[in-house]
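**Q** Please find one structure pasted underneath; my questions will follow.
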Amino acid sequence: MIVRSSNCGIELADDPFARGGEGCVYDVIGKPELVAKIYHPAGRTNARLRKIKAMLDHPPQVSTKNQTTWPIDILNDLSGSFIGFLMPRIKNVTKIDILYSYDNRARHQWKWYIQTAQNLCAAVNSVHECGHCIGDMNPANICVEESTGLVTLVDTDSYHINSPDGKIYPCVVCMPAYVPSELHKLMRIDGFDLRSTTLSTFSQQTDLFALAIHIFALLMNGCHPYACTVPDGLSASHFNLIKNIERGYFPFVKSADQVGIPKYAPYLTILPERLKKLIIRVFTAGSANPELRPSCQEWYDALEELENQLVICTVNGKHQYSQQESSCPWCKIEHSMRVLTSQGEVKLRNSYIKPVKATAQPVAGATSTCPVNKPAVSVRNSRQFWYSGFGEILSYFITFVIWAIFNVLAQLGIAAILPSGVWWGWLINYLLFGIIPFLPTWALYFWGESSLPLSSPASWAAEILIGYGKWLALIVYGVVAAVIYWDSGLLNTVFGVIFVCSPILLVMKFLPDFAGE
């Protein structure tokens, strides 16, 4: 087949080597480094031609051109009509989700996944630097050369192209599991369609949300950040990926009842503090607030820090983990999975959500990839109440009352500090040692977690108080108790300190969310 580029005739292979919904991809005879995408007749529109021209006029920098299959020339048939474009050929690549899935993790060390995540950051940044957005950043559009970890972004003609003259050539497809809550809210609007809407849709911030999901999967054994396990008796549909994204419900830091993280996923504690903060930020408050999503550079630098802290497991040389860990977390996960698999309790399934046109109906019926321990029973029961807004508020109030009662009991041991014969003495005593030490933790835990910018001084102060306030309160209680009981002997002093401090220890142990753990 003979076609024409901008300056010469080009011969294509008679048969395509790849077919898709929009067109076919052909070898270019005599130019093994190139391939040609030829659109089906219905796709050879003037709008598409203008989009390809805009991409040719504003490509990524030459130094980063190998990170995308960006169009390099327009193709016409012999009559001069637009039919497709030329683009670079990529060889020996694999879709990224195949490589980061749990079943294939043994192929590479953790360092490889960290470096691949950095390469993905660089590739996304190359698109953003020329003013464009990727839009549909699903795993099928991200390819990795396995031997090097180099990343190439494909299907670039579907990107959300922003021309300097103000014209937008939108992305019109998406995979629901890789777009943030603001797009899911738009998709619930009756009749919403990316192909015809004038509303703001994809942006560099939506790309950063999808980037974070892929980074998380690369680091965390292939787990999607919003995946969770749901026990028998709870509705799995209440905790599917899409609903968790819309609510900013990140199971790795917010557990509800018996909802937990997938068995094959490690805890966030395997990550350095800097990287862990970025992950919590993007998947909690950043789920709804695009401005809180880390940039490509922030991710890159945090990943570099993790790479520099790696040590090799002494039991399994293929395992690497952060030097902050006392033992290899991957050995623990492998042991746990072997036990569960031998007991027949776990079945790993590779779930796949098909790309859809972004209309209301496909998203509402999107397949959940949320793993479950057993088939969920859809019934009305008392547990469902606690997942409502009022139920959640009531649970915090009950926790507060229980904690207050514990503290009142603790005051009985230190009543000798102030006069107990008058009501104001007892009240001052309770305020000093029962309420005030915990106020910063109570207030700033909930406020700082949800609304403070991480770079602000208030957030820094909140982090200190959340992390150390409870320990400071423990020290205060312990020292005061020791002073009070000292004259009664060493044994009584020890028991007194334990009695006074036990309410705080119980809350920290059994109510970690409320204690800021």
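The values are calculated or read from the model by the stated rules, or taken from the named source; none is laboratory data. Being a predicted model, the structure only gives us computed values, none of them experimental. Note that we place each Cβ from the backbone using ideal geometry, even for glycine, and neighbour counts take in every protein chain shown. Keep in mind that these areas ignore ligands, DNA and RNA; they rest on the heavy atoms of the full protein, side chains included. Shrake-Rupley method; radii C 1.70, N 1.55, O 1.52, S 1.80 Å.
**Q** Could you tell me how many of the residues in segment 32-42 are under 15 Å from Asp77 (Cβ atoms) and surrounded by 17 or more Cβ atoms within 10 Å (Cβ to Cβ)?
**A** Final tally of qualifying residues: 4.
**Q** Looking for something assigned to a loop (DSSP other than H, G, I, E, B) and among the acidic types (Asp, Glu) - is there at least one such residue anywhere in segment 162-184?
**A** Scanning segment 162-184, I find at least one residue that is assigned to a loop (DSSP other than H, G, I, E, B) and among the acidic types (Asp, Glu), so the answer is yes.
**Q** Related question: For segment 117-131, which residues satisfy the criterion of being open to solvent by 10 Å² or more (accessible area, probe 1.4 Å), within 13 Å of Ile142 (Cα to Cα) and in contact with a helix residue (DSSP H, G or I) (Cβ under 7 Å, 6 or more places away or on another chain)?
**A** Across segment 117-131, the qualifying residue is only Ala122.
**Q** Something else now. Among the residues of segment 7-25, how many are closer than 14 Å to Leu86 by Cβ, open to solvent by 90 Å² or more (accessible area, probe 1.4 Å) and touching a residue at least 12 places away in the same chain (Cβ under 8 Å)?
**A** The qualifying residues number 1.
**Q** Testing Asn46 on (1) at pLDDT 90 or above; (2) of a type outside the set (A, V, I, L, M, F, W, C); (3) buried (at least 16 other Cβ atoms within 10 Å of the Cβ), one condition comes back false. Which one is that?
**A** With respect to (1) at pLDDT 90 or above; (2) of a type outside the set (A, V, I, L, M, F, W, C); (3) buried (at least 16 other Cβ atoms within 10 Å of the Cβ), Asn46 is out only on (3).
**Q** Does segment 142-172 hold any residues that are touching a residue at least 40 places away in the same chain (Cβ under 8 Å), surrounded by fewer than 18 Cβ atoms within 10 Å (Cβ to Cβ) and farther than 30 Å from Gln109 by Cβ, and which are they?
**A** Scanning segment 142-172 gives Ser163, Pro164, Lys167.
**Q** Tell me which residues, restricted to segment 43-77, are within 27 Å of Lys91 (Cβ to Cβ), of a type in the set (A, V, I, L, M) and without any contact (Cβ under 8 Å) to a residue 40 or more places away in the chain.
**A** Those that are within 27 Å of Lys91 (Cβ to Cβ), of a type in the set (A, V, I, L, M) and without any contact (Cβ under 8 Å) to a residue 40 or more places away in the chain: Leu56, Val62, Ile72.
**Q** In segment 234-250, is there at least one residue being among the polar types (S, T, N, Q), at pLDDT 85 or above and open to solvent by 30 Å² or more (accessible area, probe 1.4 Å)?
**A** No - not one qualifying residue is present in segment 234-250.
**Q** Kindly indicate whether Leu306 is more than 15 Å from the chain's Cα centre (by Cα), buried (at least 19 other Cβ atoms within 10 Å of the Cβ) and aliphatic (A, V, I, L, M).
**A** Spelling it out, Leu306 is indeed more than 15 Å from the chain's Cα centre (by Cα), buried (at least 19 other Cβ atoms within 10 Å of the Cβ) and aliphatic (A, V, I, L, M).
**Q** Can you list the helices (runs of 4 or more DSSP H) found entirely within segment 217-333 that contain at least 3 residues being charged (D, E, K, R)?
**A** 241-247, 273-283, 296-307
**Q** Within segment 94-116, restricting attention to residues that are among the aliphatic types (A, V, I, L, M) and surrounded by fewer than 18 Cβ atoms within 10 Å (Cβ to Cβ), which residue is modelled with the lowest pLDDT?
**A** Going through the qualifying residues, I end up with Ala106.
**Q** Suppose we keep only residues that are in contact with a helix residue (DSSP H, G or I) (Cβ under 8 Å, 6 or more places away or on another chain) and in a loop (DSSP other than H, G, I, E, B) within segment 49-67. Which one would you say is surrounded by the most Cβ atoms within 10 Å (Cβ to Cβ)?
**A** In this case the residue turns out to be Pro60.
**Q** Quick check on my filter: what residues within segment 251-292 are within 22 Å of Val179 (Cβ to Cβ) and open to solvent by 50 Å² or more (accessible area, probe 1.4 Å)?
**A** Lys254, Ile280, Ala288, Asn289, Glu291 - these are the residues of segment 251-292 that are within 22 Å of Val179 (Cβ to Cβ) and open to solvent by 50 Å² or more (accessible area, probe 1.4 Å).
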